[in-house]
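Peer 1: I'd like to ask you about the structure that follows.
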Amino acid sequence: MQEDYKPQEIEPKVQKEWDELNINKAKIDKDKEKFYCLSMFPYPSGKLHMGHVRTYTIGDVIARFQRLKGKNVLHPIGWDAFGLPAENAAFENKTSPRDWTLKNIDQMRSQLKQLGFSYDWDREIATCSEDYYVWEQWFFIQLYKDGLVYKKKSLVNWDPVDKTVLANEQVIDGKGWRSGATVETKEISQWFLRITDFADELLEDLELLKDHWPDNVITMQKNWIGKSEGTIVNFDSDIGNLEIFTTRVDTLFGVTFLAASMNHESIKQCDANIIKFCETNKNISQAGDDQKSLLGIFSGKYATHPFTKQKIPIWFANYIVDDYGTGVVMCVPAHDTRDFSFAKKYDLEIKEVIKGKSDTLPFISHGTLCSSGDYDGLESKEAMKLINKYLISNNLGSVETKFRLRDWGISRQRYWGCPIPMIYRDDGEVMPVDESELPIKLPNDIDFTVAGNPLDHHESWKYTKCKLTGKDAIRETDTLDTFFESSWYQARFACPTENTSMLNNDANYWLPVDQYVGGIEHAVLHLLYARFFHKLLRKKNILKDKEPFKSLITQGMVLKDGSKMSKSKGNTIDPQDLVEKYGADTVRLFIIFASPIENSLDWSDKGVEGSYRFLKRFWNLAKEVKSYSSKEDSEEYSKDEINFLSSINLTIKKVSNDIENRYSLNTIVSSCMESTNLFIKEIKNKRIRSKIINDYFMKLIIILSPITPHICYEIWNQFDKKDNIFKQKWPVPDKNYLEIDDVVFIVQINGKLRKRFELNRNLKENDIENIVLNDDDIKKYTDNKEIVKVIHVKGKLVNIVIK
RNA sequence: GCCGCUGUGGUGGAAUUGGUAGACACGUCAGACUCAAAAUCUGAUUCCCGCAAGGGAGUAACGGUUCAAGUCCGUUCAGCGGUACCA
């Protein structure tokens with residue numbers, strides 16, 4: 001065994017041996033339980049950053065653990081390779097997005113290999129390859145045929161200089177993030193996916209994920225889907241029937257005005273000055289419900305209350321959302337905060353119809369109805385039922401469910417993405433390309449010197465013919481949102497080279513992903529889209545399960561000095577430098593040890609030193625264990641030996657639970673450190689015979705190996721020349737030593753710790769009391785006091801209650 | 001605003017079912033080894049009083065339940081995350 005721990009020598013050597021052993025290759029094996037472990041694949045932005053290292057280390061620890069547990073593990077990796085940064089880089093460096101992306105992939109692949117992650121590299125996927133996106137195009141066509149894809153006009157952020165659509169997060173203070181030009185809202189025609197058809201299913205199936213996904217992610221998805229049950233009420237008015245949507249029909253008698261969105265169609269029937277007012281004010285930012293930002297105008301028209309037949313003024317207001325509900329709202333200022341502010345500002349009537357705990361308005365909770373005709377005295381819930389019943393039977397309304405979730409806009413006016421396989425024929429026909437023409441390849445000869453989407457002015461690509469009719473046609477030049485690629489990659493990893501279909505039956509063997517690992521920032525979009533896609537694939541009988549990701553871990557961000565690492569702040573830590581200095585095992589160990597995985601992690605170089613120090617100690621311990629010898633005279637285990645066995649077996653039990661049930665990886669490291677310290681101490685004391693030390697040290701190596709695989713593999717080979725560490729089984733604690741006879745009881749007086757006693761755990765309560773109450777130290781407290789009672793907790797504690 | 005989460009030493013954090021608060025580390029201090037430094041090893045390290053033995057306080061604040069509360073309940077404060085006129 002080498003004198004000193006030299007990771008720079010060990011790690012490359014060991015990694016080469018792993019490649020030769022081919023241990024990471026995943027094959028279908030129906031005799032074994034499968035385990036699919038997946039970390040969110042990276043965008044190939046250039047170099048690996050610490051956030052990547054964290055996600056992939058967590059995934060690797062779990063994958064390696066499950067292999068030791070005897071599971072058949074799939075642990076793949078790939079590249080989310082389409083996306084805007086490649087275009088920007090191409091624009092700035094005059095390279096092609098493809099070359100830039102492929103170069104980055106090469107660099108990051110070698111970095112991942114250096115860190116020793118146990119991927120099945122034969123399954124590597126890059127989403128920008130035709131073999132991958134051809135199936136997306138095929139699937140898009142199927143969805144189109146099923147009516148799940150449609151085109152409609154929608155408002156987008158438009159950068160007039162770059163001639164491109166910007167995502168909301170790319171608009172900073174109303175200006176384009178790159179051009180600095182004032183962003184315009186523009187209405188353009190885009191492709192949409194009918195995710196709203198699946199709103200109920202996406203909501204209901206969250207139940208299946210309960211206890212396996214973090215609660216906050218489930219809540220965020222629930223809120224995002226935003227299901228609310230309410231009532232549509234018809235108001236007769238000067239401008240025809242107006243439908244409104246409300247979740248509080250119990251407040252119907254408190255309606256003092258109606259408010260419509262400034263985009264509402266009824267506006268056409270109003271005076272020119274009103275139309276003009278709405279035109280100028282409809283796009284004004286509407287943040288906050290303070291009176292200043294609330295804007296409205298009286299339409300001059302009236303509606304009739306369905307019950308009281310009173311005249312109710314109709315207003316246009318900027319706080320009414322056009323595309324939620326019906327775009328018209330019944331306003332009850334006494335019981336809604338925004339209606340209240342609006343009524344105050346424009347001096348409108350406020351009519352109280354619910355009495356509750358508080359007298360201050362607006363009172364927005366449920367309560368008892370008043371001033372509500374026949375419904376006075378009823379509780380809100382009961383009143384809603386009866387009012388709904390009346391409205392329905394008199395054709396004045398209906399009960400309906402609304403969702404906040406919008407259909408998914410998937411068009412991007414970009415080059416570096418999957419081409420949408422549609423054509424616009426000369427005769428006006430919009431249709432998918434013939435499936436035999438797939439894939440519609442992204443051209444490589446593009447011109448980035450002209451602003452806008454290069455596909456738009458690539459004439460030989462754009463102008464084409466319809467295969468069926470031979471008629472002239474123009475290709476769709478929009479490409480797909482890159483969330484499209486990341487919505488099904490987890491399934492494709494099961495059969496990455498399948499070239500006759502999108503997915504084959506292997507996907508149904510490996511899916512669902514048993515453990516998914518990734519950042520919380522994907523809590524809604526990616527995870528919702530992937531769930532949706534899975535349901536689409538299920539509907540097409542391609543996949544069987546209901547959900548793609550059985551269990552989810554969301555890890556926190558890696559920070560430096562309390563803020564996010566970024567190039568502009570100059571506070572980045574390059575994993576490469578650290579790996580070169582300390583080795584991959586130290587980096588992996590530190591990133592696991594420093595913090596629970598869901599917390600954010602503030603990077604500290606000092607902490608890395610500490611992890612490195614531990615591995616050196618572990619290495620030196622291995623050397624000592626190898627040369628350790630002791631007298632082997634007695635058959636019976638000594639008390640020291642029993643304590644030692646108890647301690648290590650309890651550690652095995654705890655660590656197994658930590659990794660398997662609690663996802664508490666940092667405490668695994670602490671436990672291994674404690675055990676290491678115990679071994680060092682006991683070797684020095686020479687009280688434990690060498691067979692025990694040897695046997696249990698081997699178990700300790702296995703326990704630590706998912707986190708620091710290189711050093712553990714190397715040390716293992718020093719002890720066991722026949723079988724390497726991958727052939728071993730995760731240790732099972734020996735039950736004989738989990739509950740030993742002599743344990744430390746703590747004795748409390750009135751809940752305060754006073755003394756520790758080493759006693760046999762099986763002693764009767766009476767005997768314990770005799771020993772404890774006759775102890776001189778305890779007597780000091782109990783003399784001249786009345787003992788009210790004594791509480792026993794078996795094997796642990798005695799609490800004496802005195803007065 | 002609404003929804004969710006979190007508040008523990010100088011720092012990261014541990015305490016899994018209500019039962020020894022501060023494990024394991026980092027940092028700091030002291031000591032050993034060394035001509036010296038690095039590395040390594042040993043010890044101390046929540047705060048207050050005390051030479052010590054020992055005693056007291058203590059998990060954001062206040063209150064409650066309990067023999068016993070970091071853990072459960074209520075109120076307040078602070079921070080983080082999501083979302084925003086969604087009727």
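Any read-out appearing in this document is the output of simple, stated calculations on the displayed coordinates, not a laboratory observation. Only a predicted model underlies this, so the values are computations on that prediction, with no experimental measurement involved. All Cβ positions, glycine included, derive from the backbone under ideal geometry; neighbour counts span all protein chains shown.
Peer 1: Please provide three numbers in whole Å: the alpha-carbon extents of the range A:460-526 along the principal axes, with the largest listed first.
Peer 2: 50, 31, 16
Peer 1: Can you give the Rg/Rh ratio of the range A:749-802, where Rg is from the C-alpha atoms and Rh is the Kirkwood radius?
Peer 2: When Rh is taken as the Kirkwood radius, the ratio is 0.92.
Peer 1: Sticking with this structure for a sec: How high is the relative contact order of the range A:52-189? Use alpha-carbon pairs under 8 Å, at least six apart in sequence, and give a whole percent. Don't jump to the answer; show the numbers that get you there.
Peer 2: Working: 125 pairs, mean separation 26.0, N = 138.
Result for the range A:52-189 is 19 percent.
Peer 1: Using only alpha carbon positions, build the gyration tensor of the range A:314-442, then give the equivalent ellipsoid semi-axes as the square roots of 5 times its eigenvalues, largest first, whole angstrom.
Peer 2: 50, 19, 14
Peer 1: Using only the Cα atoms of the range A:607-703, construct the convex hull and provide its projected area averaged over every direction, in square nanometres to one decimal.
Peer 2: 6.5
Peer 1: What is the Cα radius of gyration of the range A:684-737 over 2.2 N^0.38 Å, N being its residue count?
Peer 2: So the range A:684-737 has a normalised radius of gyration of 1.21.
Peer 1: Once the piece of chain linking residue A:750 and residue A:501 is laid out straight, how much longer is it, given 0.36 nm per residue of separation minus the C-alpha distance between them?
Peer 2: Extra length from residue A:750 to residue A:501 when fully extended: 82.5 nm.
Peer 1: Something else: With contacts defined as alpha carbon pairs under 8 Å and 6 or more residues apart, what's the relative contact order of the range A:670-801 in percent? Can you show the working numbers first?
Peer 2: On the way: 120 pairs, mean separation 23.8, N = 132.
RCO, the range A:670-801: 18 percent.
Peer 1: So if R0 is 41 Å, what FRET efficiency would residue A:186 and residue A:311 give, r being the distance between their Cβ atoms, rounded to the nearest 0.05?
Peer 2: That gives a FRET efficiency of 0.55.
Peer 1: Let me ask something else. Using the Kirkwood radius over C-alpha pairs as Rh, can you work out the diffusion coefficient of the range A:420-487 via Stokes-Einstein at 10 °C, viscosity 1.306 mPa s, in µm² per second? Show your work: numbers first, answer last.
Peer 2: On the way: Rh = 13.0 Å.
Diffusion coefficient, whole number: 122 µm²/s.
Peer 1: Next question, about the same structure. Let a ≥ b ≥ c be the square roots of the eigenvalues of the Cα gyration tensor of the range A:142-285; is it rounded (a/c under 1.5), or, if not, prolate (a/b larger than b/c) or oblate?
Peer 2: Oblate, because a/c is 1.5 or more while a/b does not exceed b/c.
Peer 1: With the Cα gyration tensor of the range A:545-693 in hand, give its eigenvalues times 5 under a square root as the equivalent ellipsoid semi-axes, listed largest first in whole angstrom.
Peer 2: Ellipsoid semi-axes (Å, largest first): 37, 21, 11.
Peer 1: If Rh is defined by the Kirkwood formula over all Cα pairs and Rg also comes from Cα, what ratio Rg/Rh do you get for the range A:647-787?
Peer 2: Details: Rg = 20.8 Å, Rh = 18.3 Å.
Reported Rg/Rh (Cα atoms, Kirkwood Rh): 1.13.
Peer 1: Taking DSSP loops as anything outside H, G, I, E and B, show the longest stretch in chain A free of GluC sites (Glu not before Pro) there with at most 13 other beta carbons within 10 Å.
Peer 2: Longest stretch, sites excluded: A:34-348.
Peer 1: Same structure again: Residues with amide H under 5 Å of residue A:73's amide H, sequence separation 5 or more or different chain, H placed in the peptide plane at 1.01 Å from N; which?
Peer 2: Distant-sequence amide H within range of residue A:73: A:35.
Peer 1: While we're on this one: Express the C-alpha Rg of the range A:219-336 as a ratio against the empirical globular expectation 2.2 N^0.38 Å, rounded to two decimals. Mind dumping the intermediate values first?
Peer 2: Details: Rg = 14.5 Å, N = 118, 2.2 N^0.38 = 13.5 Å.
Taking N as the residue count of the range A:219-336, the ratio is 1.08.
Peer 1: Another one. Among the trypsin sites (Lys or Arg not before Pro) within the range A:58-152, which fall in a DSSP loop and have no more than 13 other Cβ atoms within 10 Å of their own Cβ?
Peer 2: Counting only loop positions with at most 13 other Cβ atoms within 10 Å, the trypsin sites (Lys or Arg not before Pro) in the range A:58-152 are A:94.
Peer 1: Can you give the direction-averaged projected area of the convex hull of the alpha-carbon atoms in the range A:89-222, in nm²?
Peer 2: The directionally averaged projection comes out at 13.0 nm².
Peer 1: Where does chain A land at 222 nm, in deg cm²/dmol rounded to the nearest 500, when only DSSP H runs of n ≥ 4 count, each adding -39500 (n - 2.57), divided by all residues?
Peer 2: Theoretical 222 nm ellipticity from helices: -11000 deg cm²/dmol.
Peer 1: Can you pull the Kirkwood radius for the range A:13-124, inverse mean 1/r over Cα pairs, to one decimal in Å? Before the final figure, lay out each step's value.
Peer 2: Working: mean 1/r = 0.0654 Å⁻¹.
Answer for the range A:13-124: a Kirkwood hydrodynamic radius of 15.3 Å.
Peer 1: Moving to a separate point now. Taking 0.36 nm per intervening residue step and subtracting the Cα-Cα distance, what contour gain separates residue A:613 from residue A:304 on full extension?
Peer 2: Here the answer is 103.3 nm.
Peer 1: Return one quarter of the surface area of the convex hull spanned by the alpha-carbon atoms of the range A:601-643, equal to its mean projected area, in nm².
Peer 2: Computing the convex hull of the Cα atoms and averaging its projections yields 5.1 nm².
Peer 1: Relative contact order (percent) for chain A, with alpha-carbon contacts under 8 angstrom and 6 or more residues of separation?
Peer 2: 14
Peer 1: Quote the FRET efficiency, to the nearest 0.05, computed for residue A:404 versus residue A:28 with a Förster distance R0 of 41 Å and r equal to the Cβ-Cβ distance.
Peer 2: Details: r = 41 Å, r/R0 = 1.01.
E between residue A:404 and residue A:28, to the nearest 0.05, is 0.50.
Peer 1: Give me, ordered by chain and number, the residues 5 or more places off residue A:43 or on other chains with an amide H under 5 Å from its own placed amide H.
Peer 2: A:80
Peer 1: Looking at chain A only, what percent of DSSP beta bridges run antiparallel? Nearest 5 please. Each step should come with its number before you reach the end.
Peer 2: Numbers: 72 of 95 bridges.
Around 75 percent antiparallel, to the nearest 5.
Peer 1: Restricting the calculation to Cα positions, tell me the Rg (one decimal) and the Dmax (whole number) of chain A in Å.
Peer 2: 34.0, 108
Peer 1: Figure the gain on full extension for residue A:729 and residue A:376 (residue separation times 0.36 nm, minus the Cα-Cα span) and round it to one decimal in nm.
Peer 2: In short, 119.9 nm is gained.
Peer 1: A further question on this structure: Using the Kirkwood radius built from alpha carbon pairs, what does the Stokes-Einstein equation give as D for the range A:509-632 at 10 °C and 1.306 mPa s, in µm² per second?
Peer 2: The diffusion coefficient I find is 87 µm²/s.
Peer 1: Which stretch or stretches of the range A:302-326 have amide N atoms under 18 Å from the point lying 7 Å from residue A:280's Cα along the Cα→Cβ direction?
Peer 2: Answer for this model: A:316-319.
Peer 1: Using only the Cα atoms of the range A:452-593, each taken as one equal point scatterer with no solvent, compute I(q) by the Debye sum, divide by I(0), and report log10 of the ratio at q = 0.09, 0.10, 0.15, 0.18 Å⁻¹.
Peer 2: -0.52, -0.63, -1.01, -1.08
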